[in-house]
1. List every residue pair whose Cβ atoms lie under 7 Å apart, where the two residues are 6 or more positions apart in sequence or sit on different chains, the first residue falls within region 73-84 and is under 17 Å from LEU187 (Cβ atoms), and the second residue, located anywhere, is in a loop (DSSP other than H, G, I, E, B) and within 14 Å of the ligand (Cβ to nearest atom).
2. Mind checking which residues of region 50-72 are surrounded by 16 or more Cβ atoms within 10 Å (Cβ to Cβ) and without any contact (Cβ under 8 Å) to a residue 60 or more places away in the chain?
3. Check whether at least one residue in region 131-152 is farther than 24 Å from GLU181 by Cα and either within 16 Å of the ligand (Cβ to nearest atom) or in contact with a Ser or Thr (Cβ under 7 Å, 6 or more places away or on another chain) (or both), and report yes or no.
4. Whether any residue in region 75-97 is under 27 Å from PHE30 (Cα atoms) and over 19 Å from the mean Cα position of the chain (by Cα) is what I want to check.
5. What number of residues within region 215-224 are over 30 Å from PRO255 (Cα atoms) and not in a helix (DSSP H, G or I)?
6. Part of a helix (DSSP H, G or I) and of a type in the set (Gly, Ala, Ser): which single residue out of ALA203, ALA212, ALA250, ALA227 fits that description?
7. Would you confirm whether or not region 152-169 contains a residue that is of a type in the set (Lys, Arg), assigned to a helix (DSSP H, G or I) and either modelled with pLDDT under 95 or assigned by TED's automatic domain parsing to the domain that holds GLU28 (or both)?
8. Which count do you get for residues in region 178-192 that are assigned to a helix (DSSP H, G or I), touching a residue at least 40 places away in the same chain (Cβ under 8 Å) and not polar (S, T, N, Q)?
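The values are calculated or read from the model by the stated rules, or taken from the named source; none is laboratory data. Just so we're clear, the structure is a prediction, and the values are computed from it rather than from any experiment. Ideal geometry is used to build each Cβ from the backbone, glycine not excepted, and the neighbour counts take in all protein chains shown.
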Amino acid sequence: MIAIQQLTKTYGHIQALSGVDLSVQKGELFALLGPNGAGKTTMVRIMTGLTRADSGTVLLNDTDISRHPTDAKRQVGLVPQVLNLDTELTVYRNLDLHGRFFSLPRDQRRERIEELLAYVELSDRAQTLVKHLSGGMKRRLLIVRAMMHQPRILFMDEPTVGLDAAIRRRVWSIIRRIQNEGTTIFLTTHYIEEAEYLAGRVAFIDRGQIVAIDQPATLVRRMGSWAVDRLVDNELQTECFPDRAAAKQAAADFPGRVTIRRVNLEDVFLDLTGRKVVEE
Ligand code: ATP
């Protein structure tokens, strides 16, 4: 459904993307995980036709976005990182304008809006001004706005950024439902838990390059499943082990403070890049 080859992009002397290749299958939920500034938004902007790449190709359902931008754009919905709703208009009107943009007839717009608002439990807010919605409600509205024209691929750029844990989980269940109904989802995130929970496959991006692509569990297994964190001279040192017994043994042998836990994608990212996804 998405095929990217040798994508590059520079901003002045900053190399935002250097030779990115990846492909996403129909119906997949694919996550691009990386720290701030890694190139995630740049990739999404290129794939949705908002920015042009310097070189490389993007095929969306076999349509080349640089050759047939209008056809390609019809296939995609974008949930941007920034809340770019029209806050002075009602919830209904925001969705209606989006439907008009894609030339949906009036009756179809009304039907679709009712359906989508019910989907994210915002039906009773249809006539509320967007500026009076909570942060979580705005995020849910942003997601269904992107679905107005029934895109085959949904791009979500950090869809839960800034939300508290409970609301984030609610948004996750909406994302899962959208995927279960057959939409291909490409999501960027710097939340480890989000990628682990949602994604069928994950790509790690660091300084504009893809450093690994696989299923989360496979990436984690490469390191070993259990980690031991030790505090040595006030510095956290982590070692990974294939099983819990080996981790327990290593912990028992260490005289100072120690924690045993499951290996996560953060450990894998750190191992591959020497950097953390979330800088402290
Ligand atoms: P974040 O999660 O913080 O948005 P990101 O992984 O999405 O990070 P990008 O926004 O794609 O990263 O940025 C990649 C690099 O390109 C960064 O060094 C950034 O400063 C630079 N960059 C992005 N957009 C522009 C622009 N319009 N002009 C100049 N530099 C840019």
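1. Pairs that qualify, where the first residue is under 17 Å from LEU187 (Cβ atoms) and the partner is in a loop (DSSP other than H, G, I, E, B) and within 14 Å of the ligand (Cβ to nearest atom), are VAL76/THR48; LEU78/THR48; VAL79/PRO159; GLN81/GLU158; GLN81/VAL161.
2. Answer for region 50-72, where residues must be surrounded by 16 or more Cβ atoms within 10 Å (Cβ to Cβ) and without any contact (Cβ under 8 Å) to a residue 60 or more places away in the chain: ALA53, GLY56, VAL58, LEU59, THR63, ILE65, ALA72.
3. yes
4. yes
5. Here the count works out to 1.
6. Selected residue: ALA250, the only one of ALA203, ALA212, ALA250, ALA227 that is part of a helix (DSSP H, G or I) and of a type in the set (Gly, Ala, Ser).
7. Checking region 152-169: at least one residue is of a type in the set (Lys, Arg), assigned to a helix (DSSP H, G or I) and either modelled with pLDDT under 95 or assigned by TED's automatic domain parsing to the domain that holds GLU28 (or both).
8. Matching residues across region 178-192 total 1.
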